[in-house]
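Worksheet: the structure to be examined is printed underneath.
The values are calculated or read from the model by the stated rules, or taken from the named source; none is laboratory data. Note that the coordinates shown come from a computational prediction; the quantities given were computed from them, not determined experimentally. Methodologically, a virtual Cβ is constructed for each residue, glycine included, from the backbone with ideal geometry; neighbour enumeration extends over all protein chains shown.
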């Protein structure tokens, strides 16, 4: 992809070159290239350097292959730049285009379009573009004034400035429209985390569409798969090495209303007790141990509800109603699927947590009494 973009970049450069036959063309190649204030370069300037500084005037186009480019003067034609950092504080009377950059700052005036493909793009409060802004960046912060429209893709975008026409941003991981934003046209957003301040002034229509990147979906899938595998392993160890405790906990499902009550009370008051213990002088280590124990019980609660659910499901297929590896796997898989259902999944999670916590507490206390 980078090779294709670079080839396109060279083609554009050649087109600009051959369209400027009537103009003088200057090539400057050095570690540092500077056009001082008051100096006027007639025609186009091609700069190949480490550091480029433009404080004067270029009557044609500026084609820059510079690691650091600082344009503080005036360019009467286009700017086409490829480099690490590009900062514009001057005036561009045509288009401003940047690719392969780490940071692009526009703190000046661009009469026509701004097109940037970079990691970080900043349109400062004093920055102004006469037409459209097109960006494909990891981070975009737009505080200035855009007389045209915004078209953007990817990363994190924040808008606090003024847009004369439409805003169309897609595949954004996170987008924020601040209270000071003023969009005179329509707002169209396709993103994962969309925040639009109520105070933001949007004169046109608002169209929001949720979008989740494949990377986020894959990461979420891996996390859920890891949770499922870990739950199965812990369940296997519990069943194998603590069969009596497991049986005592499973039996408690026969009094599920009692388990719901115990689970609700234990879930609410256990954190309060842990905090009160932590407030004492010697209670901090004990409170940390209690917190770890509380988290372990929360984890086990889902596993035991999964075992019971699997036993009930397998009984429908004429299987024995008993604790087994198959019942645990089936039950946890079913719970995992139900958890993923929007809205309903949240209800299932809450009921599972309360019921399972009550089963573990009640069955655990019964096991301690029998052991004593």
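Quick look at the numbers
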| item | result |
| --- | --- |
| Count of region 130-152 residues which are assigned to a strand (DSSP E or B) and under 16 Å from residue 169 (Cβ atoms) | 14 |
| Residues located in region 153-165, provided they are crowded, with 20+ Cβ neighbours inside 10 Å and in a strand (DSSP E or B) | 157, 159, 163 |
| Residue in region 98-108 that is assigned to a strand (DSSP E or B) and touching a helix residue (DSSP H, G or I) at 6+ places or on another chain (Cβ under 7 Å) present | yes |
| Any hit, region 204-221, residues being surrounded by 17 or more Cβ atoms within 10 Å (Cβ to Cβ) and either assigned to a strand (DSSP E or B) or not assigned by TED's automatic domain parsing to the domain that holds residue 340 (or both) | no |
| Residue, farthest from residue 155 (Cα to Cα), within region 173-195, restricted to residues that are under 16 Å from the mean Cα position of the chain (by Cα) and surrounded by 17 or more Cβ atoms within 10 Å (Cβ to Cβ) | 177 |
| Test: residue in region 276-287 that is part of a helix (DSSP H, G or I), at pLDDT 85 or above, in the same structural domain as residue 348 (by TED's automatic domain parsing) and surrounded by fewer than 16 Cβ atoms within 10 Å (Cβ to Cβ) | no |
| Where a residue in region 68-96 is touching a residue at least 40 places away in the same chain (Cβ under 8 Å) and in the same structural domain as residue 134 (by TED's automatic domain parsing) and its partner, wherever it lies, is surrounded by fewer than 18 Cβ atoms within 10 Å (Cβ to Cβ) and part of a strand (DSSP E or B), with Cβ under 8 Å and at least six apart | 82/100 |
| Some residue of region 235-255 being touching a helix residue (DSSP H, G or I) at 6+ places or on another chain (Cβ under 8 Å) and exposed (fewer than 12 other Cβ atoms within 10 Å of the Cβ) | yes |
| Verdict on residue 65 being assigned to a strand (DSSP E or B), under 31 Å from the mean Cα position of the chain (by Cα), touching a residue at least 12 places away in the same chain (Cβ under 8 Å) and over 15 Å from residue 129 (Cα atoms) | no |
| Looking only at region 187-202, and only at residues there that are in a loop (DSSP other than H, G, I, E, B) and touching a strand residue (DSSP E or B) at 6+ places or on another chain (Cβ under 7 Å), the one that is nearest to residue 164 (Cα to Cα) | 200 |
| Which listed residue is in a helix (DSSP H, G or I), in the same structural domain as residue 366 (by TED's automatic domain parsing) and farther than 19 Å from residue 352 by Cβ, from 300, 292 | 292 |
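Residue-wise test of (1) out of contact with any helix residue (DSSP H, G or I) (no Cβ under 8 Å at 6 or more places or on another chain); (2) touching a residue at least 12 places away in the same chain (Cβ under 8 Å); (3) outside the structural domain of residue 259 (by TED's automatic domain parsing).
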position: 321; (1), (2), (3): no, no, no
position: 331; (1), (2), (3): no, yes, no
position: 334; (1), (2), (3): no, yes, no
position: 342; (1), (2), (3): yes, no, no
